[in-house]
Amino acid sequence: MRSTRRIFLQIAATGLIGGVTNAKPLGKESGDRSPHRRLHFVQIDVFASERLQGNPLAVFTDASELSDAEMQNIAREVNFQETTFVLPRSAAVEREQGIKVRIFTPNEEVPFAGHPTLGTAMVLRNRLAKSSGTPPPSKIVLDLKAGKIPVTFTRDVDGQLFGEMRQLDPVFGRVHDRSTVANLLGVKPTDISEAAPIQTVSTGLPFVIVLLSSLDVLKTLQPRQAEIQAYFAAEATSTDFFYVTRDTRDEKVGLRARGLDSLGEDPATGSASGCTVSWLVRYGLQKSDETLHIEQGAEMHRPSHIYARAEKHGDKITSVRVGGHAVEVAQGEYGL
């Protein structure tokens with residue numbers, strides 16, 4: 001993903017947990033002014049059922065006293081791909097409008113992102129399960145800049161909690177020239193499958209889906225990032241390529257994926273996964289409402305497992321759902 005939207009610093013959970021568990025209490029002992037606000041956060045690994053895998057996310061559970069600038073500065077300090085900020089409202093308002101959440105990268109606020117949506121909903125559900133004394137909710141609705149996104153919860157066959165978000169209906173944009181894209185990726189045109197067009201798709205954030213012919217091409221991909229940024233410079237909304245292949249060499253996995261930009265690699269891209277399954281269903285490469293198992297992050301040793309589906313009714317693609325597991329790994333507080 002582009003630097004305006006995506007960044008990943010591989011401090012992962014080990015570094016953050018160490019900072020939380022071993023740090024002295026915030027206050028005068030540090031030599032700094034005592035903070036007058038303490039902000040609770042939870043770190044959760046999203047699209048993974050085991051800790052230290054998937055895509056890490058920091059969730060600040062009450063950001064009601066923070067300004068826009070402070071949220072942005074905290075996201076820059078955390079330096080994950082995204083950080084989310086929950087803005088609590090009255091129970092009546094939340095029942096009607098959903099729980100207000102804002103999503104920030106280290107550089108800007110974004111209207112929607114996949115793993116922050118799933119991870120934040122999971123954190124909120126976990127808090128409610130511990131505090132309410134009543135059965136936890138089977139659905140949480142997040143009120144994001146992009147709109148209301150419901151996340152439903154079930155137990156899988158192993159008894160693990162599984163969350164599934166319903167993304168916005170896809171918008172299909174322009175088709176891109178195969179030779180031009182191949183040149184930007186540093187591959188041959190024949191390395192890009194002709195099974196479907198290379199097309200911009202958005203379910204909240206736009207991605208250009210590139211179906212590669214083999215897993216070998218995907219694993220060795222070295223896109224020309226500076227040229228790619230120039231290629232997308234005129235887009236009204238920040239846009240990236242998303243690379244996939246059906247050559248998974250694993251009968252349990254339907255698609256292998258990678259998200260690459262000039263700053264690194266994305267271990268799990270839930271928003272792009274919704275775009276991808278919508279695109280596959282539209283062009284007959286995936287059955288309507290059939291769950292697609294996407295594996296991402298293997299090359300960077302952060303394996304992520306994303307489960308996506310979409311429905312086709314005539315020419316319309318709808319009911320785009322993206323789900324997975326998530327595991328909390330740390331919690332602590334910031335002092336401002």
Problem - Test: residue in the stretch 193-205 that is hydroxyl-bearing (Ser, Thr, Tyr), touching a helix residue (DSSP H, G or I) at 6+ places or on another chain (Cβ under 8 Å) and surrounded by 15 or more Cβ atoms within 10 Å (Cβ to Cβ) - result: yes
Exercise for the section: Report yes if Arg155 is more than 30 Å from Val208 (Cα to Cα) and touching a Gly at 6+ places or on another chain (Cβ under 8 Å), otherwise no. Expected result: no
Completion exercise
Going through the stretch 128-147 in order, the residues found to be exposed (fewer than 15 other Cβ atoms within 10 Å of the Cβ) and among the charged types (D, E, K, R) are Lys130, Lys139, Lys145
Practice task
With respect to Ser319, determine if the residue is of a type in the set (S, T, N, Q) and either more than 15 Å from the chain's Cα centre (by Cα) or surrounded by fewer than 17 Cβ atoms within 10 Å (Cβ to Cβ) (or both).
Solution key: yes
Completion exercise
By residue number, the members of the stretch 207-233 that are of a type in the set (Ser, Thr, Tyr) and either in contact with a Lys or Arg (Cβ under 7 Å, 6 or more places away or on another chain) or under 23 Å from Leu255 (Cα atoms) (or both) are Ser213, Ser214, Thr220
Practice task
Return yes or no: is Thr276 surrounded by fewer than 23 Cβ atoms within 10 Å (Cβ to Cβ), under 17 Å from Gly114 (Cα atoms) and either in contact with a strand residue (DSSP E or B) (Cβ under 8 Å, 6 or more places away or on another chain) or of a type in the set (D, E, K, R) (or both)?
Solution key: no
Exercise for the section: Kindly provide the set of residues from the stretch 169-192 that are surrounded by fewer than 19 Cβ atoms within 10 Å (Cβ to Cβ) and part of a loop (DSSP other than H, G, I, E, B), ordered by number. Expected result: Asp169, Asp177, Gly186, Lys188
Practice task
Please find, among Asp250, Asp240, the residue that is surrounded by fewer than 17 Cβ atoms within 10 Å (Cβ to Cβ) and acidic (Asp, Glu).
Solution key: Asp250
Exercise for the section: Could you tell me whether the stretch 260-270 includes any residue that is surrounded by fewer than 22 Cβ atoms within 10 Å (Cβ to Cβ), under 23 Å from Pro56 (Cα atoms) and charged (D, E, K, R)? Expected result: yes
Practice task
Taking Val181 as the residue in question, decide whether it is in the same structural domain as Gln286 (by TED's automatic domain parsing), touching a residue at least 60 places away in the same chain (Cβ under 8 Å) and more than 14 Å from Val320 (Cβ to Cβ).
Solution key: yes
Handout entry: Complete set of residues in the stretch 217-261 that are among the β-branched types (Val, Ile, Thr) and either at pLDDT 95 or above or not assigned by TED's automatic domain parsing to the domain that holds Leu184 (or both)
Key = Val217, Thr220, Ile228, Val244, Thr245, Thr248, Val253
Completion exercise
For the stretch 109-123 the number of residues that are within 16 Å of Asp240 (Cα to Cα) and either out of contact with any strand residue (DSSP E or B) (no Cβ under 9 Å at 6 or more places or on another chain) or not hydrophobic (A, V, I, L, M, F, W, C) (or both) is 2
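Answer yes or no as to whether Ser49 is in contact with a Leu (Cβ under 6 Å, 6 or more places away or on another chain) and at pLDDT 95 or above.
So Ser49 does not fit the description; no.
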Handout entry: Residue count, the stretch 303-316 (criterion: aliphatic (A, V, I, L, M) and either closer than 14 Å to Thr269 by Cβ or under 14 Å from the mean Cα position of the chain (by Cα) (or both))
Key = 2
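Every residue, every condition in (1) among the charged types (D, E, K, R); (2) farther than 24 Å from Ile317 by Cα, yes or no:
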position	(1), (2)
Arg224	yes, yes
Phe232	no, yes
Val244	no, no
Ala268	no, no
Ser278	no, no
Thr291	no, no
Glu299	yes, yes
Handout entry: Residue in the stretch 121-132 that is among the charged types (D, E, K, R), in contact (Cβ under 8 Å) with a residue 40 or more places away in the chain and within 17 Å of Ile44 (Cα to Cα) present
Key = yes
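The values are calculated or read from the model by the stated rules, or taken from the named source; none is laboratory data. As the structure is a prediction and not an experimental result, all values here were calculated from the model. Backbone-built Cβ (ideal geometry, glycine too); neighbour counts: all protein chains shown.
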